[in-house]
Amino acid sequence: MTRKVLAILVLAGALAACSAKTPSASAAHPGAPTPSAETLTASSGGAPSTEVGERIFDGNCVACHQSGGVGIPGVYPSLAASPVVLGDPAELARWVIRGQRPAAMPAGRYSTQMLQFAWLKPADAASLFTYLRSHFGNSAAPVDAATVAKALEQ
């Protein structure tokens, strides 16, 4: 098998895995309710839930960005020390949800296109972003749902 064919097969598999929706907790435990970010946020005093963020990451992002957030060099960017992840949460929201490239992400650096996650509700996106900003060696302020919603109005 040529390197080009192998690379195409690897990318196709990774893209298919990246585009999968987060599996619900009820799939693993039939009859168990799946808590939303709103439910978990309310129960944690208004703070975004990194538990929901981790679940969203594991179900949608891990195939491309890998379990340690290091990505695949030249194909998928690392989330560790990423200026996009650690930068303006509004730009991060517009990038992940709409595909609007932030200024901190130079065009043409990676051979792949970031999938758009328009199905994410602001509270779930805030939980995901908070998870990304507090894991993989990152240390940045949490993101709230109001910040995400306001960013998407622009």
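Could you check A103 against (1) surrounded by fewer than 14 Cβ atoms within 10 Å (Cβ to Cβ); (2) over 12 Å from L92 (Cα atoms) and say which number it fails?
(2)
Report yes if some residue within the range 127-139 is aliphatic (A, V, I, L, M) and assigned to a loop (DSSP other than H, G, I, E, B); otherwise report no.
No, the range 127-139 contains no residue that is aliphatic (A, V, I, L, M) and assigned to a loop (DSSP other than H, G, I, E, B).
Taking into account only those residues within the range 46-65 that are of a type in the set (S, T, N, Q) and assigned to a helix (DSSP H, G or I), which is farthest from P77 (Cα to Cα)?
My answer is T50.
Identify the residue in the range 105-122 that is aliphatic (A, V, I, L, M) and in contact with a Leu (Cβ under 9 Å, 6 or more places away or on another chain) and, among all such residues, is farthest from Q154 (Cα to Cα).
The selected residue is L115.
List every residue pair whose Cβ atoms lie under 7 Å apart, where the two residues are 6 or more positions apart in sequence or sit on different chains, the first residue falls within the range 97-125 and is under 15 Å from A151 (Cα atoms), and the second residue, located anywhere, is surrounded by 16 or more Cβ atoms within 10 Å (Cβ to Cβ) and among the aromatic types (F, W, Y).
I97/F117; R101/W95; P102/W95
Can you tell me which residue in the range 46-57 is modelled with the lowest pLDDT, limited to those that are surrounded by fewer than 22 Cβ atoms within 10 Å (Cβ to Cβ) and farther than 19 Å from W95 by Cα?
By that ranking, first place goes to G46.
Determine which member of the set V96, V62 is farther than 24 Å from E153 by Cα and of a type in the set (V, I, T).
Matching residue, one of V96, V62: V62.
It is to be established whether one or more residues within the range 101-122 are on the phi > 0 side of the Ramachandran plot, out of contact with any Phe, Trp or Tyr (no Cβ under 9 Å at 6 or more places or on another chain) and either hydroxyl-bearing (S, T, Y) or at pLDDT below 95 (or both).
Within the range 101-122 (the criterion being on the phi > 0 side of the Ramachandran plot, out of contact with any Phe, Trp or Tyr (no Cβ under 9 Å at 6 or more places or on another chain) and either hydroxyl-bearing (S, T, Y) or at pLDDT below 95 (or both)), the answer is yes, since at least one residue qualifies.
Output the number of residues of the range 117-154 satisfying the condition of being closer than 15 Å to E54 by Cβ and either within 11 Å of the chain's Cα centre (by Cα) or among the basic types (K, R) (or both).
The qualifying residues number 11.
The values are calculated or read from the model by the stated rules, or taken from the named source; none is laboratory data. Quick caveat: nothing in here was measured; it's all calculated off a predicted structure. As a convention, Cβ positions derive from the backbone with ideal geometry for all residues, glycine included, and neighbour counts pool all protein chains shown.
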